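Q: The structure follows.
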Amino acid sequence: MVRDSPAGTPETADLGGSGYGAGSVEGSGEAPRQSVRRLHPLDWLAVGLLALGLLAVVTGLLPADAAAEEMRRTGPLVVFLGTVIVMAELTGRAQVFDVVSGWVARAGRGRYPLLFGLCVLFASLTTVTLNLDTTAVLLTPVMLALASRVGIAAVPLAMTTVWLANTASLLLPVSNLTNLLAADRVALSSSGLAAVMWLPQLAAIAVTAVCLWVFYWRRGRRGADRYTPPGPTVATDPVLLRICSVACAGFLLAILVADVPLWSASLTAMVVVVVAFAVRRGEELRLSLVPWRLLVLVPGMFLVVETVGAHGLHTALESLLGSDDGFLGMLRTAAVGAGLSNVVNNLPAYLAAEAVIPVGNHEQLLALLIGVNAGPLVTPWASLATLLWFERCSWHGTRIGLRRFVGTGLVLSVTGTLAAVSALALVG
């Protein structure tokens with residue numbers, strides 16, 4: 001069963017120590033040791049990667065010029081990640097996600113097929129517009145609490161969230177960190193990337209929906225024929241709810257219509273939301289809102305991957321990927337990207353493979369993007385979003401069978417990647 005927080009609502013607010021932040025411990029002499037003990041394994045990983053990256057620069061394993069170039073590239077990404085996640089976290093506290101998920105359940109009218117379609121649409125839109133980590137961290141507990149509230153099985157909703165957090169992250173630069181890197185490489189704006197990836201994105205979502213229905217949502221799997229729709233969600237602060245909703249809408253308009261830099265759009269939207277909370281509920285503005293883990297992890301990962309690439313990985317990947325920019329080369333590249341993502345993680349997989357793809361091979365690069373976005377569905381560590389999702393499910397008491405997760409994820413990884421690459425070849 002799904003476990004609610006003591007207050008009766010899904011706990012998405014305090015991610016310190018188990019989510020993005022490291023948290024803080026009040027007290028005197030024992031505080032430092034307690035803080036260290038409370039660090040999540042992912043926090044240790046982030047700190048370790050940054051330490052290794054800095055050590056590589058200090059010892060000369062990574063030339064200073066190459067390190068400086070990586071940091072120049074990383075800077076805007078780090079600003080974007082930090083601001084968009086703070087914005088999304090506060091938006092969740094303002095009950096925007098609760099209101100929308102409640103509307104989705106009521107719109108389903110007790111019918112599972114209709115609820116299924118709406119959940120797929122909701123999770124897809126959240127991933128496309130706010131990024132996959134937001135879907136994993138904030139939407140997962142909301143959907144699990146919704147399952148408990150209306151008495152339906154939690155696992156179908158949970159799997160909808162994690163699968164679409166990955167496969168629905170192809171369309172916009174904002175959807176995934178790898179998209180930001182690829183869009184920069186091929187000089188595509190938000191609308192430009194969407195113009196190329198709209199059909200691959202639709203194909204990936206369609207295949208995901210089919211797999212979700214067959215493996216988790218059909219009558220023999222979900223365990224019920226109908227459900228009772230919940231009542232309307234009553235906002236504790238309607239003014240704050242409206243302000244956060246407008247800030248999110250403004251953010252989307254800025255990146256889709258005006259094509260302003262992502263970091264500036266997310267920073268502006270975050271400032272609006274933070275000011276609104278400062279006026280209405282200032283006690284909720286804490287340092288634990290800042291995604292310290294990601295802010296440490298991303299530059300550390302960039303430095304480590306660049307170092308490893310300079311000492312042999314690039315050569316091995318060159319032989320694996322080849323330089324064919326045609327359909328077969330795209331399939332090969334996507335397959336290598338998906339496979340490597342499930343072995344190490346999709347972000348370092350993309351960084352390492354991107355470095356060896358010829359500069360002019362845009363189709364091959366976008367195929368790699370498909371592989372590292374739609375393919376990391378087999379292992380729990382294949383993407384950061386999946387790791388965060390497992391953590392949220394564990395906190396809520398929702399058990400995910402690993403064998404079933406791996407088996408069904410493998411089917412979707414292969415079919416979804418193949419469908420999206422084929423669609424990319426048609427668009428290209």
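Q: When only residues in region 104-151 that are over 24 Å from Arg219 (Cβ atoms) and among the polar types (S, T, N, Q) count, which is modelled with the lowest pLDDT?
A: Looking at residues that are over 24 Å from Arg219 (Cβ atoms) and among the polar types (S, T, N, Q), I get Thr134.
Q: Is it true that some residue in region 322-339 is at pLDDT below 90 and outside any loop (DSSP other than H, G, I, E, B)?
A: Looking for residues that are at pLDDT below 90 and outside any loop (DSSP other than H, G, I, E, B), one finds none in region 322-339, hence no.
Q: With respect to Ala382, is the statement that it is more than 27 Å from Met301 (Cα to Cα) and of a type in the set (A, V, I, L, M, F, W, C) true?
A: no
Q: Further question on the same structure: In region 230-256, what residues are in contact with a Lys or Arg (Cβ under 6 Å, 6 or more places away or on another chain) and at pLDDT below 85?
A: Pro230
Q: Quick one: is Val79 in contact (Cβ under 8 Å) with a residue 40 or more places away in the chain, surrounded by fewer than 21 Cβ atoms within 10 Å (Cβ to Cβ) and in contact with a Leu (Cβ under 9 Å, 6 or more places away or on another chain)?
A: So Val79 passes the test.
Q: What about Ala355, is it surrounded by fewer than 22 Cβ atoms within 10 Å (Cβ to Cβ) and touching a His at 6+ places or on another chain (Cβ under 8 Å)?
A: Numbers: surrounded by fewer than 22 Cβ atoms within 10 Å (Cβ to Cβ): yes; touching a His at 6+ places or on another chain (Cβ under 8 Å): yes.
For Ala355, the condition - surrounded by fewer than 22 Cβ atoms within 10 Å (Cβ to Cβ) and touching a His at 6+ places or on another chain (Cβ under 8 Å) - is met.
Q: Would you mind finding the one in Leu77, Leu62 that is at pLDDT below 85 and assigned to a loop (DSSP other than H, G, I, E, B)?
A: After ruling out the rest, the residue left standing is Leu62.
Q: Next question, about the same structure. Taking the condition out of contact with any His (no Cβ under 6 Å at 6 or more places or on another chain) and either farther than 27 Å from Val137 by Cα or of a type in the set (Lys, Arg) (or both), does Gly326 pass? Walk me through it before giving the result.
A: Numbers: out of contact with any His (no Cβ under 6 Å at 6 or more places or on another chain): yes; either farther than 27 Å from Val137 by Cα or of a type in the set (Lys, Arg) (or both): yes.
Judged against the criteria, Gly326 is a match.
Q: Inspect all residues belonging to region 198-215 and state whether any of them is in contact with a Pro (Cβ under 9 Å, 6 or more places away or on another chain) and either modelled with pLDDT under 85 or among the small types (Gly, Ala, Ser) (or both).
A: No: zero hits.
Q: Could you pull out the residue among Ala269, Ala249 that is under 22 Å from the mean Cα position of the chain (by Cα), under 30 Å from Ala147 (Cβ atoms), loosely packed, with under 14 Cβ neighbours inside 10 Å and not β-branched (Val, Ile, Thr)?
A: Step by step, each of Ala269, Ala249 is checked, and only Ala249 is under 22 Å from the mean Cα position of the chain (by Cα), under 30 Å from Ala147 (Cβ atoms), loosely packed, with under 14 Cβ neighbours inside 10 Å and not β-branched (Val, Ile, Thr).
Q: Does region 86-96 include one or more residues that are surrounded by 19 or more Cβ atoms within 10 Å (Cβ to Cβ) and outside any helix (DSSP H, G or I)?
A: Taking region 86-96 first, the residues surrounded by 19 or more Cβ atoms within 10 Å (Cβ to Cβ) are 86-96.
Of the ones still in play, those that are also outside any helix (DSSP H, G or I) are 94-95.
Checking region 86-96: at least one residue is surrounded by 19 or more Cβ atoms within 10 Å (Cβ to Cβ) and outside any helix (DSSP H, G or I).
Q: Please identify the pairs in which a residue from region 147-167 that is under 26 Å from Val372 (Cβ atoms) has its Cβ atom under 9 Å from the Cβ atom of a residue that is of a type in the set (Asp, Glu) and assigned to a helix (DSSP H, G or I), counting only partners at least 6 apart or on another chain.
A: Sorted first by the residue in region 147-167, then by its partner, the pairs are Ala165/Asp133.
Q: Is one or more of the residues making up region 277-297 assigned to a loop (DSSP other than H, G, I, E, B), at pLDDT 90 or above and surrounded by fewer than 21 Cβ atoms within 10 Å (Cβ to Cβ)?
A: Checking region 277-297: at least one residue is assigned to a loop (DSSP other than H, G, I, E, B), at pLDDT 90 or above and surrounded by fewer than 21 Cβ atoms within 10 Å (Cβ to Cβ).
Q: Can you tell me which residue in region 257-266 is modelled with the highest pLDDT, limited to those that are surrounded by fewer than 19 Cβ atoms within 10 Å (Cβ to Cβ) and not charged (D, E, K, R)?
A: Residue satisfying both the conditions and the ranking: Ser264.
The values are calculated or read from the model by the stated rules, or taken from the named source; none is laboratory data. Note that this is a predicted model, so its numbers are computed, not measured. Virtual Cβ from ideal backbone geometry, glycine too; neighbours counted across all protein chains shown.
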